[in-house]
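Have a look at the structure below before the remarks.
The values are calculated or read from the model by the stated rules, or taken from the named source; none is laboratory data. Small disclaimer: the values here were computed from a predicted structure and weren't measured. We place every Cβ from the backbone using ideal geometry, glycine too, and count neighbours over all the protein chains shown. Each accessible area value is taken on the protein alone, full model and side chains, heavy atoms only, with ligands, DNA and RNA left out. Shrake-Rupley method; radii C 1.70, N 1.55, O 1.52, S 1.80 Å.
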Amino acid sequence: MSTNACLQLSLYLVVLLACVKPLGAYMARVYQGRPFVLDRVLGWLERSLYRLAGVNDQAEMTWRQYATAVLVFNGIGFLALYALLRLQGFLPLNPQKFGAVRPDLAFNTSVSFVTNTNWQSYGGESSLSYLSQMLGLGVQNFVSAATGMSVLVALIRGLARRSSETIGNFWVDLTRSVLYILLPLSLVLALVLVSQGVVQNFRPYERASLIDSSGAEANTVAEQTLPMGPAASQIAIKQLGTNGGGFFNANSSHPYENPTPLSNFLQMLAILLIPAALCHTFGVMAGDTRQGRAILAAMLAVFVPLALGTVVAEQAGTSILAKNGISQRASSSSPGGNMEGKETRFGITDSALWACATTAASNGCVNSMHDSFTPLGGLIPLWLMQLGEVVFGGMGSGLYGMLMFVVVAVFVAGLMVGRTPEYLGKKIEVYEMKMASLIILIPPLLVLIGTAVAVSGPGLAARDRDTGTVAALSNTPGAHGFTEILYTYSSTGNNNGSAFSGLSTDVPFYNLTLAVAMLAARFWLIIPILAVAGSLARKKSAPQSAGTLPTHTPLFVGLLVCVVLLVGALTFVPALALGPIVEQLQMTSH
Amino acid sequence: MAATSKSRRLFDSSLVRQALAGSFRKLDPRRQVRNPVMFTVFVGSLLTSCLGIESLLFGGHESAGFVLSISAWLWFTLIFANFAEALAEGRGKAQADTLRKMKRDVEAKRLDAPDRNSACRTMLASQLRKGDVVLVETGDLVPADGEVIEGVASVDESAITGESAPVIRESGGDRSSVTGGTRVLSDWLIVRVSTNPGEAFLDRMIALVEGAKRQKTPNEIALDILLAALTIVFLVACTTLLPFSKYSVQTAGQGHPITISVVVALLVCLIPTTIGGLLSAIGIAGMDRMIRSNVIATSGRAVEAAGDVDVLLLDKTGTITLGNRQAVEFIPAPGVDLDALVDVAQLASLADETPEGRSIVVLAKEKYGLRGRNVHELGATFVPFSAQTRLSGVQLDGREIRKGETEAVEAFVRQHGGQTASEVRRAAEEIAKRGGTPLVVAEGGNALGVVHLKDIVKGGIKERFVQLRRMGIKTVMITGDNPLTAAAIAAEAGVDDFLAQATPEAKLKMIRSYQAEGRLVAMTGDGTNDSPALAQADVAVAMNSGTQAAKEAGNMVDLDSNPTKLIEIVEIGKQLLMTRGALTTFSLANDVAKYFAVIPAAFASTYPVLGRLNVMRLTTPESAVMSAVIFNALIIVMLIPLALRGVSYRPVGAERLLRDHMLVYGLGGLFTPFIGIKVVDLFLFAVGLT
């Protein structure tokens, strides 16, 4: 690996880790209701919101009440977004006069944003009004992220509390997440992004004459449409809230969305910022910061080697490029390696690192074409999603998913040392194992079954809406086409939203099945998580002794990493063998 | 009896024969469905058998021989797992049978009223009901468990405890319970039957080792859930390979889609059959180990809880100290010669047959060279201890020699017109403060000095407590002594805490407060007044010599009535969990190698390039699949000894234990199958099966 790559990676990790402690501690204060500066400034707003909504912020909820609140809130959010997308033609802030979004697409998009997936079957600049973007997608970007954080906080309370029936108040957790964490951070990031050239306006799209017109004589392209809009505000929360839904179709590779290396660095930082800091929040709230550090260490132990692997794979280039006499060695004038599908202003390291960050966290935004990665370079982001989005993962959801892996690791480890397993003093019993198994089980089932249905026929070809002819949906059938479909379901079945590209998914089959996968992956997991939170909160806490297995040591971190990797590998190796692994072997054997 | 059972070999030939028969009987689908992992194998075996017969009759691109041999090995996998369970059951039952033999139906003499002279009817013991009153006379077998309501008798309990010395059973007090199957050697007893037939401890124990009736323990259920979840994941991962490979064949334009038989083979290799197949054997073997150490547990849950115990409440007497105190020092009163004191003290104790008295004679001989004398030759008269005087001693040629506790001797001295020196009193207090018992010796009006009697802490018990501490278990000594004495002994024995002047209420309160802190408490007890505490404790071991009430309150009965057994019980509990954990880890780690064997083989025709993943260089795709399946079946058999004996427990910290077990069973589980599968493949090649 080049020195440049090493430097960029190290810088990224150092800045990220430096932010973990202060931000994590701040979030813990927010959720614990301990004083912090912002509550004095915005406290009146918080209180008046509760008054307005008729919420008693002092009332605590049982897990069932909490789960009901989550479902009702998200259900209403879904209906509102769906209505907005269908009615956008009649509503203001629509300079391009976009009509209603088709029902299947509107359904898919609403589910996608409510579930914090941000899978995009639509093209932002070609189908959505500014109002839909801001009032619909933007709002869901905030509240879906805040929902995940709230559920996590409820689970942490379950671990920390003793003999308690309640796990907090969803409305308070939700409001505080948005008001004190997501809004201030987004505001700062949006302003910095604007300074880098990200657009933020309500103007209609502009047309620019090309200096160097291209194309054959008959259809020369001499003019280009430049999409406008309130992009910076949307992009800030898209990155911070592990949403990933781009304002423009090309997402963060679009120059108006991610213009400079600095904006790229900041956006990449924003992707992992809160998921990483939540580990520390967890440690503080659980009363043992070592526990938070251990989980962060486990995440890094998976993330760093895999990110390095992607960088190395992309930098190594492909045998096909080599055969065509293209130099793939990095030099001062050339990035070398596999530059296909990558922006020249980011290069290989930043594209590969971004690909790993966006799939490790369930963000899903892209600054390069994952479809054009080398097979191995594409396998890693794919596998990062298939690990269940627990390596950083989504807002809150990554950590609560990881905590379920901890439950399984603690269970196995407890057996191996001859004690009924316990975590943070809470005994892990039949009920917890049932829920943890369910949570670990569901995403792989969604991915595998979804892919199986798609490759059996319905996902391979569709009748074109305008021409009526049947066309293949994938531009590259074979092992690569299989990878594309597997990637699509891995992304939605784990609420990531990252797209491999190369597969046209804006057809009813995909819009519906992917929406089902997204819904199940989100809410079918949230309910058992809250059930575990409720069950743990009710338990007494067993005191530590020499016979208690410590869960903050490198040994336990190692075990946790093994469990995550083993479950991920054992579940997906057969499928991966038919996709990227075959591709890689075919490529290297040429 | 205990000795023969302990030496029973793991693969005793008669047990193996029985187990073999049992392993086929257990193929009953109603039994298989209880275990989700093995039921999946069961369905797979049926499916491949049908496929094999189909291709035998109608042909297909897969050879019937291949499918049928896969099918045969899947059946073997099931049979091996059944064999493990049957063998474990057989061993447990053999142990129980030995105990049950003495429970053969004996005749009982039922009395109409609890009076020896009332009408007596002879009936079979199995017809007795709870509450019946029976007469047991010299030479009779006690027909059922019960409580002595009248009489005193010596009883031979060797059949249950292995201890040959007869014990006294009498009405009232802590020695009032009798166990069915023991024999009355002298005198007679009237016993009130306390259990209905089939409910006695022995029957409960036998039920626990019989797989069909065995209740799953909570930990077993939790593990079952995890294994079932993994099975579902693998089931989906394998069955989705059918459409995946069909798509691959279509787009690659070559080869055949994966066959159902290979999918089933892969599935069976991947699902955790090793632990799934051995799970119930491990549980039964744990119960069996309890029985082997002469402990009858009334539930599997109790055995598991034993492994989790945080706090051990141990009775001082008998567990921590030897049952009796021993003389360790003579302290003369001022102006009294030491030799004179030793001489008088020895005279006072010569006829005293209590362990304390004997220990004074022994000390006088060993430390002061004073040989024992015969009381009768001396012409002395023994004055036994009485509750009124609280003194004992001898009358010798008009000399009145007495020994006893300070106040009693002081009173005696005063009676004889003497005065006890304040130094003597102080010496006595000093001894008490250090945890000893002072015994003052006097002759007439002279208090000659003090004998220091000391509680002797059992050899090796201190090291035992250090081990327990390393296991994370806190030891608490329970004693009726005063706090000073208790503290001294506690310090000497190295227990973590003590409860002095313990009353049943204080014990109960202590258990509750530990439990409120979230700890699991284990204790032993024998008296009726222990029952509330026993009922409250998480692991409660009643002594077999104890009262029926104590036995009913506890969840284990120690046939040897040995309070130190608690430590062994904890180890057995831990061993049980560790064996499950070790085999689960091993089973999962195995899967990596199986993928390397089966995946390249399964897709060899579509993507020959995947052959580069065949790192074991297995001969052919067929032999690769076969080798994985055969290895998967054989590993179950090879791990039966481990499952039955259990992973050995060492008292080291949790962290160290986890590291060692991860290395052995995790890393070992990763690499073993690479070698195993290769060996099987080479064998298949050598005998020309591939």
Label-zone membership for the stretch B:434-458, site B:GLU405, 7 angstrom Cα→C-beta point, backbone N under 12 Å: B:437-440
task: Could you quote the convex hull projected area for the stretch B:486-529, Cα atoms only and averaged over all directions, in nm²?
output: 3.7
message: As I understand it, the value is the acute angle between the Cα axis of helix B:406-415 and the longest principal axis of the Cα atoms of chain B; what does it come to in degrees, rounded to 10?
response: 10
task: Would you mind estimating how fast the stretch A:170-215 diffuses translationally, via Stokes-Einstein at 10 °C and 1.306 mPa s with the Kirkwood radius over Cα pairs, in µm²/s?
output: 112
message: Helix-only estimate, please: 222 nm mean residue ellipticity of the protein assembly as shown, summing -39500 (n - 2.57) across DSSP H runs of length 4 or more and dividing by its residues, to the nearest 500.
response: -18000 deg cm²/dmol
query: Listed here are the pairs A:LYS427/B:LYS458; B:LYS403/B:LYS433; A:LYS540/B:LYS474; which of them are more than 28 Å apart at the Cα?
result: A:LYS427/B:LYS458
- prompt: Looking at the stretch B:385-504 from every direction and averaging, what is the projected area of its Cα convex hull in nm²?
  reply: 9.2
field: Modelled FRET efficiency - R0 22 Å, B:ILE221 with B:LEU27, Cβ distances, 0.05 increments
entry: 0.40
message: If I stretch the segment between A:SER319 and A:ARG64 completely, what's the gain in nm (0.36 nm per residue apart, minus their alpha carbon distance), one decimal?
response: 86.2 nm
- prompt: Between B:GLN419 and A:THR225, what is the label-to-label distance in nm when each label sits 7 Å out along the Cα-to-Cβ direction?
  reply: 12.3
message: Step by step: find N for the stretch B:611-690, compute 2.2 N^0.38 Å, then divide the Cα radius of gyration by it. What's the final number?
response: 1.40
query: For the stretch B:388-431, what is the per residue volume of the convex hull drawn over the alpha-carbon atoms, in cubic angstrom?
result: 83
- prompt: What span do the alpha-carbon atoms of the stretch B:465-597 cover on each of the three principal axes, reported in whole Å from largest to smallest?
  reply: 69, 34, 29
Normalised alpha carbon radius of gyration of the stretch A:1-130 [divisor 2.2 N^0.38 Å]: 1.52
query: Give me the Kirkwood hydrodynamic radius of chain A in Å, from all C-alpha pairs, to one decimal place?
result: 24.4
- prompt: What is the mean number of Cβ atoms from other protein chains located within 10 Å of the Cβ atom of each residue in peptide B:39-50, rounded to a whole number?
  reply: 0
- request: Find which of B:LEU396, B:VAL647, A:VAL114 sits farthest along the positive direction of the dipole of the protein assembly as shown, computed with +1 on the beta-carbon of Lys and Arg, -1 on that of Asp and Glu, about the Cα centre.
  value: A:VAL114
task: With a Förster radius of 25 Å, plug the Cβ-Cβ distance of B:VAL328 and B:LYS462 into 1/(1 + (r/R0)^6) and report the FRET value to the nearest 0.05.
output: 0.90
- prompt: So what's the convex hull volume per residue for the Cα atoms of the stretch A:301-369, in Å³?
  reply: 84
- prompt: Quick one: in the protein assembly as shown, what % of C-alpha pairs are over 66 Å apart?
  reply: 24
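Measure up A:LYS539/B:LYS574; B:LYS594/B:LYS678; B:LYS462/B:LYS565 against 18 Å on the Cα-Cα distance and list the ones that go over.
Over 18 Å apart, Cα to Cα: A:LYS539/B:LYS574.
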field: Rounded, prolate or oblate (a/c below 1.5 giving rounded, otherwise prolate when a/b exceeds b/c) for chain B by Cα gyration tensor
entry: prolate
- line: Taking every C-alpha to C-alpha distance in the stretch A:536-590 and binning by 5 Å from 0, the per-bin percentages run 4, 14, 11, 13, 13, 12, 9, 6, 6, 6, 4, 2, 0
message: Quick check for you: which residues of the stretch B:401-434 have the amide N under 18 Å from the point 7 Å beyond the Cα of B:SER386 toward its beta carbon?
response: B:401-405, B:408-416
message: Using only Cα atoms and rounding to the nearest 10 degrees, what angle (0 to 90) does helix B:668-686 make with the longest principal axis of chain B?
response: 50
- request: Please express the shape of the stretch A:1-72 as an equivalent ellipsoid: the semi-axes are the square roots of 5 times the eigenvalues of the C-alpha gyration tensor, given largest first in whole angstrom.
  value: 39, 18, 11
- request: Just flag the trypsin sites (Lys or Arg not before Pro) in the stretch B:20-51 sitting in loop per DSSP whose Cβ has no more than 16 other Cβ atoms within 10 Å.
  value: B:ARG34
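Quick check on chain B: of the DSSP beta bridges with both residues there, what percent are antiparallel, nearest 5%?
75
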- prompt: Heavy-atom accessible area of B:ARG183 with all protein chains present, probe 1.4 Å, nearest 10 Å²?
  reply: 90
field: Distance in nm between pseudo-label sites at A:SER213 and B:ARG612 (7 Å out along the Cβ direction from Cα)
entry: 4.9
task: For B:LYS109, list the aspartates and glutamates whose Cα falls under 18 Å from its own Cα; do not include residues on the same chain fewer than 8 positions away.
output: B:ASP132, B:GLU137, B:ASP140, B:ASP145, B:GLU147, B:GLU150, B:ASP187
Those aspartates and glutamates that a straight Cα-Cα span of less than 19 Å connects to B:LYS365, excepting residues fewer than 8 apart in one chain: B:GLU329, B:ASP337, B:ASP339, B:ASP343, B:ASP352, B:GLU353, B:GLU356, B:GLU377
query: What angle, in degrees between 0 and 90 and rounded to the nearest 10, separates the Cα long axis of helix B:241-252 from the longest principal axis of the Cα atoms of chain B?
result: 30
field: Compactness of the stretch A:500-546 - radius of gyration and Dmax, Cα, Å
entry: 19.6, 59
query: What range in chain A is the longest one free of GluC sites (Glu not before Pro) that are in a loop by DSSP and have at most 15 other Cβ atoms within 10 angstrom?
result: A:218-590
field: Spin-label model distance (nm) - A:ASP464 vs B:SER126, 7 Å beyond Cα toward Cβ
entry: 8.6
statement: Inverse of <1/r> over all distinct C-alpha pairs of the stretch A:357-425, i.e. the Kirkwood Rh in Å, gives 13.7
task: Give the Cα extents of the stretch A:190-296 along the principal axes, in whole Å, largest first.
output: 70, 28, 20
